[in-house]
Every structure is written in structure tokens, then in C-alpha cells.
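Visitor: Dumping the structure here so I can ask a few things about it.
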Amino acid sequence: MSSATPGREAPAWRTATLVGDRCETPDVRTLLLDVPGWPGHLPGQHVDLRLTADDGYQATRSYSIAAPAAGERVELTVQRLPDGEVSPYLVDDYPTGALIEMLGPVGGWFVWRGGDEPLLLVAGGAGVVPVMAMARAWRDTGSRAPLRLLYSLRSPDQLFYADELADLAERGAGVLLAYTRETPPGHDRPAARLAADDLAAHGFPPGDAPHCYVCGPTPFVEAVGAALTGLGHDGDRVRAERFGPTGG
Ligand SMILES: Cc1cc2nc3c(=O)[nH]c(=O)nc-3n(C[C@H](O)[C@H](O)[C@H](O)COP(=O)(O)OP(=O)(O)OC[C@H]3O[C@@H](n4cnc5c(N)ncnc54)[C@H](O)[C@@H]3O)c2cc1C
């Protein structure tokens, strides 16, 4: 194994084994994979998974790494798209003990490298996965950076990582759950899309110069990015990851 800085190694194909899982919601499964030779990674990086059918047909999809580096363990959280090709297999059928090809770690821009500067994480739907890796790293390292996490989702049954988000709030992070269609009983924010008002009220003022990470479906990322710069945040401090056209 190389001793290079985690996350800076060139991505390489390896064979991963599913060693455990967690059900986050009925549509969402966290996969715990052991990857011999894994060089480590940075919060925000992703992997590509490649499936090969008996007839040689291959499908490759990207998945964000959900947790900070921990030896040869890689944790992914996959949301089933009912009409998707790969995600239904990963959520419903991929059995414990089975092998899968993995390329990674991928990405060097949408990563949080630590530090004390304010950290603003904004996620839509499954976009919460890589920002959760950052929030978990914040927690695990005892970071002194002020942290605010704004998470847009359709309805309470789509909430990932509920207990850990509550724990983050107890540790002093600001956590806003912005439901877009249906709220749980007693939730004080009415159902609505995440808007500039939410970012102004629950984010940081531009003068605090936070590092901003925005992840989710493309229209969500574009709307939040525009709202942040419209509020006066420096576009150079806003980093975005797009998951494609579908999602929260
Ligand atoms: C960097 C990155 C990180 C990601 N991280 C995660 C993650 O952590 N968790 C996660 O759940 N997902 C993540 N994704 C999304 C993931 O890569 C897949 O796109 C997702 O799982 C859907 O794959 P699928 O094969 O199930 O669906 P696909 O078969 O690819 O279909 C996706 C959607 O596109 C539609 N579609 C497919 N083909 C067509 C077509 N020809 N014309 C029109 N519409 C079409 C389908 O109806 C479906 O709704 C990430 C994506 C990127 C780029």
C-alpha cells in the first residue's frame, strides 16, 4: 500500500466485498464494503462501481463515500430509483459477501480538508451522502469549525441519518431539515423548496466567509449556488457536486 496522502492517489480499480449494510429508509441502503489495498480518501470523494452481467454487458455508476477514511472500509449510501438500472440491484439484491468492482477514490475539488473556517453544507436528497462524510469528519476530529447543515428533502420518510443529524445538532452544529412536500408533526418550517431566505437565516453571513459545499440534483445545486452568490457569498468558496437530473 502507498503512503501517499489519502485522497491524492490516482484512482484505481479494486475488488470490494460487501461485509454489512444498514437500511436508512425503505428506499435507501448503506453498503459497508471492504476494499483490500484501499489508500484512504477525503470527505466528499466518490467511487465508481462497475457491474458486469453474464453476457459481458457493463454498467458503471458513481457513488459518494458516506464516511471518513477508516482503513480498508468504504461506506456508500444508495437510494433506489424505481426505474433505474443499477440502484435497484444495489439496494435490493446485492448480497452480503459478494464482490463488486470499485474505482476510486475519485475527485479532488469537492472535498473538505478540515480547518477552523465556518463550514456550510447544503444537500438535496441523496446529496446528503458526501456532506454527511464531511459532517462525520467534523464530529470525529473534534473540529472547531462552526458547522451548519441544510438538508432539503421531500418528506419525513425520505430522511437519511436521522439519529446522527440529531447528534450533530446536540454537538452545536446548526441543522435545518427543509421539507419540500410534507413535514412531520410539529415541524415549524412549512413545506417549501429551500430558498435564499433559508440560507440567510440558517447559513452564515457572507462576511464570515464560510466554505460552502452544495450537493444534489443539478437544478437544486444551480438554484442554491445562485442563491448563495446572490446573498453575497464569494463564488470561489462555493463548491458543488451534481448527482444528475433526479432526486430530492
Ligand atoms: C459524483 C456522483 C456521486 C453520486 N453519489 C450518489 C450517492 O451517494 N447515492 C446515490 O444514491 N446516488 C448517487 N449518485 C447517482 C448515481 O450515480 C446514479 O445516477 C443513481 O444511482 C441512478 O442510477 P441507476 O442506474 O439506478 O439509474 P439509471 O438507469 O442511470 O437512470 C437514472 C434516471 O435517469 C432516467 N433515465 C435513464 N436513462 C434515460 C434516458 N435514456 N432518457 C431519459 N431518462 C433516462 C431513469 O428513468 C432514472 O430516473 C451520484 C452521482 C454522481 C455523479
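Every read-out reported here was derived from the displayed coordinates using simple, explicitly stated rules and does not represent laboratory data. For clarity, every value in this text was computed on a predicted model and none was experimentally measured. Cβ atoms come from the backbone with ideal geometry, glycine included; neighbour counts cover every protein chain shown.
Visitor: For n ≥ 4 DSSP H runs only, could you compute -39500 (n - 2.57) per run for the chain, divide by its residues and tell me the 222 nm figure to the nearest 500?
Guide: -5000 deg cm²/dmol
Visitor: Can you compute the label reach from D34? Point 7 Å from Cα along the Cβ direction, backbone N cut-off under 19 Å, restricted to the range 78-115.
Guide: 94-103
Visitor: Grab the beta carbon distance between D197 and R139, set R0 = 25 Å, and tell me the FRET efficiency rounded to 0.05.
Guide: About 0.35, to the nearest 0.05.
Visitor: How far is helix 218-230 tilted, in degrees, relative to the longest principal axis of the Cα atoms in the chain, given as a value from 0 to 90 rounded to the nearest 10?
Guide: 30 degrees
Visitor: May I ask you to derive the FRET efficiency for A169 and A53 from their Cβ-Cβ distance with R0 = 51 Å, giving the value to the nearest 0.05?
Guide: 0.70
Visitor: Using only the alpha-carbon atoms, what does the chain span along each of its principal axes? Please give whole angstrom values in decreasing order.
Guide: 52, 41, 30
Visitor: Let me see the pair-distance distribution of the range 1-89: every alpha carbon pair, 10 Å bin width, integer percents in order.
Guide: Once binned at 10 Å, the Cα pair distances of the range 1-89 give 15, 48, 29, 7, 0.
Visitor: Loop only per DSSP, at most 11 neighbouring Cβ atoms within 10 Å: give me the chymotrypsin sites (Phe, Trp or Tyr not before Pro) in the range 31-127, ordered by residue number.
Guide: Of the chymotrypsin sites (Phe, Trp or Tyr not before Pro), the ones in loops of the range 31-127 whose Cβ has at most 11 other Cβ atoms within 10 Å are Y57, W109.
Visitor: Just to be sure I understand the model, the point goes 7 Å from the Cα along the line to the Cβ. What's the resulting A209 to S62 distance in nm?
Guide: Going from the A209 label point to the S62 one covers 2.9 nm.
Visitor: So, one more: If Lys and Arg each add +1 and Asp and Glu each add -1, what is the summed charge of the other residues whose beta carbon sits under 13 Å from the beta carbon of W38?
Guide: Around W38, the charge tally is -2.
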